[in-house]
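Heads up: the structure comes next, in structure tokens.
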Amino acid sequence: MLITTKEEHISFLNGILSQAKKLVEEGNNVVATLIMSQLIEMMGSYFDAKPIRSREQSANRFNTAIYKLFPIKYSKANRKSFLYYQLRTSIVHTLTPTCSITLKSGISDQHLIEKDEITEIYTGNLLNDTEKALQVLIRLINEDKVKLKKLAAGEIE
């Protein structure tokens, strides 16, 4: 299947978010965070001119999405690409967070707060903020403020 239209892109992105929601509901925080991290990177790909499957773009794209789509507290927490290395890189490659973060269930006002050099990340907060960021991106897609790219995707049943 070739994803080219606004509707197809939006459906594709919402499908990824739905998987993350299901995993959070099941209490599978690590895999949910992995999916959200990949979605964040994917959202960042809408802001550059390179093909979606371009190599060596993950840090740029993840960071771009954080800075353009997420609340300012994420930008502050992402100093020196901290969130990229902790969420996207570490969890994607090893399926475990590093000793610099703690993944917690639920929602808290303490989300993205550093305590004793460890940043607490609540998956409920991350999910809510990822959903809001995706809504911003969808608005930009609908307003033709980002350029759509072709994405070849296999069917998933």
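The numbers here are math on the coordinates, done by the rules we state, and not lab data. Keep in mind the model is a prediction, meaning the values are calculated, not measured.
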Exercise. Picking from 49, 77, 65, which is most flexible by a Gaussian network model of the chain using Cα springs under 10 Å?
Worked result: 49
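Enumerate the helices in the chain for which the Kyte-Doolittle hydropathy averages -0.5 or more and the C-alpha atoms extend at least 27 Å along the helix's axis, using complete DSSP H runs.
6-25, 123-142
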Problem set entry | the chain: antiparallel DSSP beta bridges as a percent of all, rounded to 5 | 55
Problem set entry | Euclidean distance of C-alpha centroids, region 50-97 and region 24-45, integer Å | 11
Exercise. Setting aside same-chain residues fewer than 8 positions from residue 104, which aspartates and glutamates have a Cα under 12 Å from its Cα?
Worked result: 120
Problem set entry | Kirkwood Rh and Cα Rg combined as Rg/Rh, the chain | 0.95
Exercise. Comparing 96, 123, 33, which has the greatest mean-square fluctuation in the GNM of the chain with Cα pairs linked when under 10 Å apart?
Worked result: 96
For this session: Please build a GNM for the chain, connecting alpha carbons under 10 Å apart, and tell me which residue among 37, 54, 75 fluctuates the most.
Result: 54
